[in-house]
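Engineer: What follows is a single structure, and I will ask about it in a moment.
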Amino acid sequence: GYTFDHGRSTYRGEDPGEGGYVYAKPGIYSGVALLDVASMHPTSISLLNLFGDYTTIYTDLKLARIAIKHKDFESAGSMLGGVLKKYLTNKENAEALAYALKIALNIVYGLTDASFDNPFRDPRNIDNIVAKRGSLFMIDLKYALEERGCNLIHIKTDSVKIANATKDDIEF
């Protein structure tokens, strides 16, 4: 149901935006759960195999970052041929490494839709496919949460806010 026509996108009767989906239900709420989709754009790059043979390296960097964020230093240290292990000796170094990996991953994502030629940009990508895939996912998530009866109050690119969310809502 997705269309892109003359620079305008639509999906499920909504405008998914050209950089990230935004939805808001104004009001005052309590008991709000803020939930984040981990590494949404890097995951899209991986699933779209955007860099061909080089996508595996990008995916490995993403997986290492996630392992570090989850404090699984043993797994992270064994990834990428073990090159990260020496930086995972204490919490501060590990946090700095996770942040550095995040910046590197995000810079590469940004270059996929840059207006200038670069090794990460495919000139056929006229619709910012990485951000668009995330937007379409978030619209589907919106509908799924509403079908569950959740009081969904906000969506911004890769996060949702649900008022009075139950444990089951959060696990979903």
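The values are calculated or read from the model by the stated rules, or taken from the named source; none is laboratory data. Predicted model, so just to flag it, every value in this text is computed and none were measured. With ideal geometry, Cβ positions are generated from the backbone for all residues, glycine too; neighbour counts draw on all protein chains shown. The protein model used for the area step is the full one, side chains on, heavy atoms only, and it has no ligands, DNA or RNA in it. Shrake-Rupley method; radii C 1.70, N 1.55, O 1.52, S 1.80 Å.
Engineer: With the checklist (1) surrounded by fewer than 19 Cβ atoms within 10 Å (Cβ to Cβ); (2) touching a Lys or Arg at 6+ places or on another chain (Cβ under 7 Å) in hand, flag the one item Pro119 doesn't pass.
Structural biologist: If we test Pro119 against (1) surrounded by fewer than 19 Cβ atoms within 10 Å (Cβ to Cβ); (2) touching a Lys or Arg at 6+ places or on another chain (Cβ under 7 Å), just (2) comes out false.
Engineer: Also, quick follow-up: Name the residue that is farthest from the chain's Cα centre (by Cα), counting only residues in segment 133-158 that are open to solvent by 20 Å² or more (accessible area, probe 1.4 Å) and among the hydroxyl-bearing types (Ser, Thr, Tyr).
Structural biologist: The selected residue is Tyr143.
Engineer: Any chance you could count how many residues in segment 3-42 are open to solvent by 40 Å² or more (accessible area, probe 1.4 Å) and either touching a His at 6+ places or on another chain (Cβ under 8 Å) or more than 13 Å from Met138 (Cβ to Cβ) (or both)?
Structural biologist: Looking only at that region, the number is 21.
Engineer: Can you name the condition, by its number, that Asp60 falls short on among (1) surrounded by fewer than 19 Cβ atoms within 10 Å (Cβ to Cβ); (2) at pLDDT below 95; (3) part of a helix (DSSP H, G or I); (4) touching a helix residue (DSSP H, G or I) at 6+ places or on another chain (Cβ under 9 Å)?
Structural biologist: (2)
Engineer: Here's something else I'd like to know. Tally time: how many residues in segment 1-50 are modelled with pLDDT under 90, on the phi > 0 side of the Ramachandran plot and charged (D, E, K, R)?
Structural biologist: Residues flagged as modelled with pLDDT under 90, on the phi > 0 side of the Ramachandran plot and charged (D, E, K, R) within segment 1-50 amount to 0.
Engineer: Cβ-Cβ below 7 Å, separation at least six or inter-chain, first residue in segment 5-27 and without any contact (Cβ under 8 Å) to a residue 12 or more places away in the chain, second in a strand (DSSP E or B) and open to solvent by 50 Å² or more (accessible area, probe 1.4 Å): which pairs?
Structural biologist: Going by the 7 Å Cβ cut-off, the qualifying pairs are Thr10/Thr3.
Engineer: Take Tyr99 and decide whether it is of a type in the set (Phe, Trp, Tyr), open to solvent by 20 Å² or more (accessible area, probe 1.4 Å), in a helix (DSSP H, G or I) and modelled with pLDDT of 95 or more. Quick ask: steps written out before the conclusion?
Structural biologist: Details: of a type in the set (Phe, Trp, Tyr): yes; open to solvent by 20 Å² or more (accessible area, probe 1.4 Å): yes; in a helix (DSSP H, G or I): yes; modelled with pLDDT of 95 or more: yes.
Answer is yes for this residue.
Engineer: If you don't mind, there's one more thing I want to ask. For segment 80-90, state whether one or more residues are of a type in the set (Lys, Arg), open to solvent by 90 Å² or more (accessible area, probe 1.4 Å), out of contact with any strand residue (DSSP E or B) (no Cβ under 6 Å at 6 or more places or on another chain) and free of Cβ contacts under 8 Å to residues at least 60 places away in the same chain.
Structural biologist: Residues of segment 80-90 that are of a type in the set (Lys, Arg), as a first pass: 85-86.
Applying the additional criterion that residues be open to solvent by 90 Å² or more (accessible area, probe 1.4 Å) yields 85-86.
Restricting the remaining residues to those that are out of contact with any strand residue (DSSP E or B) (no Cβ under 6 Å at 6 or more places or on another chain) gives 85-86.
In the following step, the residues that additionally are free of Cβ contacts under 8 Å to residues at least 60 places away in the same chain were identified as 85-86.
There is at least one residue in segment 80-90 that is of a type in the set (Lys, Arg), open to solvent by 90 Å² or more (accessible area, probe 1.4 Å), out of contact with any strand residue (DSSP E or B) (no Cβ under 6 Å at 6 or more places or on another chain) and free of Cβ contacts under 8 Å to residues at least 60 places away in the same chain.
Engineer: So which residues in segment 104-113 are over 22 Å from Thr3 (Cα atoms) and either loosely packed, with under 11 Cβ neighbours inside 10 Å or free of Cβ contacts under 8 Å to residues at least 40 places away in the same chain (or both), if there are any at all? Before the answer, list the steps.
Structural biologist: Restricting attention to segment 104-113, the residues satisfying the condition of being over 22 Å from Thr3 (Cα atoms) are 104-111.
Once the filter is applied, which keeps residues that are over 22 Å from Thr3 (Cα atoms) and either loosely packed, with under 11 Cβ neighbours inside 10 Å or free of Cβ contacts under 8 Å to residues at least 40 places away in the same chain (or both), segment 104-113 yields Ile107, Gly110, Leu111.
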